[in-house]
Amino acid sequence: MKQSMMLIPTLRETPSDADIKSHQLLLRAGFIRQNASGVYSYLPLAKKVLQKIETIVREEMERAGAVELLMPALQQAELWQESGRWYTYGSELMRLNDRHDRKFALGATHEEVITSLVRDEVKSYKRLPLSLYQIQNKFRDEKRPRFGLLRGREFIMKDAYSFHASQESLDEVYEKMFQAYSNIFSRCGLNFRAVIADSGAMGGKDTHEFMVLSDVGEDTIAYSDESNYAANIEMAPVVATYHKSEEDLVSLEKVETVGKKSIQEVSEYLNVDETKCLKSLLFKVDEKYVLVVVRGDHEVNDVKLKNYYDAGSVELASPEETKLVLGCSIGSIGPVATKSEEVEVIADQAVSSIINGVCGANEEDFHFTGVNPGRDFSVEQFLDLRFIQEGDPSPDGIGKIVFAKGIEVGHVFKLGTRYSEAMNATFLDENGRSQPMIMGCYGIGVSRTLAAVAEQFNDENGLIWPTNLSPYEAHVIPINAKKEDQRLLADRIYSLLQENNISVLYDDRDERPGVKFADSDLMGLPVRITVGKKASEDIVEIKIRKTGETLEVNFEKLVETIS
Ligand code: ATP
Ligand code: MG
Ligand code: MG
Ligand code: MG
């Protein structure tokens, strides 16, 4: 493409409202422009990169057996009411009314639409498993849209959904999707980790996030480089040192129930909403006071709905203590239903399990990942209990824990029957019995991935695109296009590269060389071909953007040199 025909509005100055590299450079290099807060136009260069990322995503999705479709962004409120999320998703969901005053939402995600589609079209186990995906704009009215494409209010997502007749089938496809995600982010050249994540909001269990390691990431992850262990810190891996021998154990009789603390006081210690603290009990264990709180992360109007309640403890120096000394979650029960009448039951269960000495989750698969001991341990076994820290041994016993900031670029999730049950998406099994479909969902932030790549690959002069994602592979720049020998050679190179399927941007503008080179560095195409003084001898200079390495090449050798 000739640059004179493009729209690449580069900027010399760093825009004052952009505080991270990728945002600054994508603006300066003329890749994006903001329309409204968190809403962007992707200009021609960015569109090219998006297409390359999407091609990788499509190839890997098809390889994982998922097929593409496209669903509406405009979604009827009735679907969201069926799943219940109309009431729980909060103000992140963009809502609107049509001319007949019917309510709609702009798709923040598509579980509801796809579940209703599959429920109507698939009736038999013979049609399962089925994996479908789309690449589409999503709308979320983020509280704090920022960092350019990293957190937009309208952004591009690849979202896939799988439907199964059995848990084993879901496990199999989840594994394939996990592999596809690893392939996608590797092919994008990203330094990432797949981390164990919190399944709260969606109400399933197995879930992993794909995190690009970057100082501008909004999540913190704990991982070990020696092993495969990696977790989102939200999972609050707890490190416990505990009595190992029988004689170390404090007998249950010595655990004295001291009383309760007011919910108001407790919520102040824990710095959580009062409505989240459901019950509190104070124990005395060896001269230490341990306050046990039953907590329900049950926010309705604003943030996530976490469908579970759990018990947590704080150690107090005295029963009067009002300052938080040490805090951690020591047990978790659930997920459970969200109905308010069930809260009391859960609270009672949690308290009685603590009194009876079972503080770890006492149900398979509900214990914390990374906690040692993981489950069925008793309150009197603890010597020390705290959140995992850098330098701690990895919970899998291999290597030491390091912390890093991460950008969540992808998320895979075993949903189970959360949506199929609520929305009555059933199939007939081999015995003719009706069963709810078992589901998985898998998202990638396509526009966020573009920004993550830009964040990882740049220098003080601009962006540095990996060849397979670059808008064009080569940038041809005649130093002075008014000189006929330079223009003619540049024209010949432009044709030559096109004939050889090497995508090329040809800077045919009437600009000073300094401007052309600065723009070229900003844009960051992998190979620059400068046509200058030696044009009459058919000799050009090649410069590799990434290394700064230059060499002179004859026209005859050009294609073999750069390909
Ligand atoms: P975050 O924790 O960053 O808010 P999320 O967990 O809400 O993300 P998911 O619902 O898991 O996001 O959506 C799937 C993917 O969509 C995310 O992994 C991320 O890559 C992308 N994504 C989510 N929100 C945004 C956003 N506001 N802007 C750009 N990409 C986003
Ligand atoms: Mg979010
Ligand atoms: Mg997240
Ligand atoms: Mg997520």
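The values are calculated or read from the model by the stated rules, or taken from the named source; none is laboratory data. Because the structure is predicted, anything quoted here is derived from the model rather than measured. For neighbour counting, all protein chains shown are included, and Cβ atoms are generated from backbone atoms with ideal geometry for every residue, glycine included.
Couple of notes before you dig in:
- If the condition is being surrounded by 15 or more Cβ atoms within 10 Å (Cβ to Cβ), touching a helix residue (DSSP H, G or I) at 6+ places or on another chain (Cβ under 9 Å) and not acidic (D, E), then the range 111-132 contributes V113, I114, T115, S116, V118, R119, L128, P129, L130, S131, L132.
- Considering (1) under 30 Å from A29 (Cα atoms); (2) within 16 Å of ligand 2 (Cβ to nearest atom); (3) not charged (D, E, K, R), the lone condition that F413 does not fulfil carries the number (1).
- Each residue in the range 1-30 was checked for being surrounded by 14 or more Cβ atoms within 10 Å (Cβ to Cβ), free of Cβ contacts under 8 Å to residues at least 60 places away in the same chain and touching a Leu at 6+ places or on another chain (Cβ under 6 Å), and 0 pass.
- Filter pass, V212 being closer than 30 Å to T426 by Cβ and surrounded by 21 or more Cβ atoms within 10 Å (Cβ to Cβ): no
- The single residue among S394, S420 that is at pLDDT 90 or above, farther than 30 Å from P145 by Cα and away from ligand 4 (no atom under 16 Å from the Cβ) turns out to be S420.
- Within the range 531-550, residues that are at pLDDT 95 or above have Cβ atoms under 6 Å from residues that are among the hydroxyl-bearing types (S, T, Y) in these pairs: E541/T530; E541/T550; K543/T550, counting only partners at least 6 apart in sequence or on another chain.
- Evaluation of A64 against the conditions (1) within 25 Å of D215 (Cβ to Cβ); (2) in contact (Cβ under 8 Å) with a residue 12 or more places away in the chain shows that the sole unmet condition is (1).
- Residue in the range 426-443 that is surrounded by fewer than 22 Cβ atoms within 10 Å (Cβ to Cβ), under 29 Å from the mean Cα position of the chain (by Cα) and under 24 Å from E54 (Cβ atoms) present: no
- Qualifying residue in the range 156-164 (condition: farther than 22 Å from M439 by Cβ, within 16 Å of ligand 4 (Cβ to nearest atom) and not in a strand (DSSP E or B)): no
- Extreme residue, farthest from the chain's Cα centre (by Cα), among residues of the range 108-155 that are polar (S, T, N, Q) and either in a helix (DSSP H, G or I) or more than 15 Å from ligand 4 (Cβ to nearest atom) (or both): S124
- Filter pass, A108 being among the hydrophobic types (A, V, I, L, M, F, W, C) and within 16 Å of ligand 3 (Cβ to nearest atom): yes
- Hits in the range 72-93 (condition: in contact with a Leu (Cβ under 7 Å, 6 or more places away or on another chain) and either surrounded by fewer than 18 Cβ atoms within 10 Å (Cβ to Cβ) or under 20 Å from I156 (Cβ atoms) (or both)): A73, L74
- Of all residues in the range 449-493, those being farther than 25 Å from V49 by Cβ and aliphatic (A, V, I, L, M) number 4.
- Which numbered condition K126 misses (of (1) touching a residue at least 12 places away in the same chain (Cβ under 8 Å); (2) away from ligand 2 (no atom under 16 Å from the Cβ)): (1)
- Condition met for S447 (surrounded by 24 or more Cβ atoms within 10 Å (Cβ to Cβ) and within 16 Å of ligand 4 (Cβ to nearest atom)): yes
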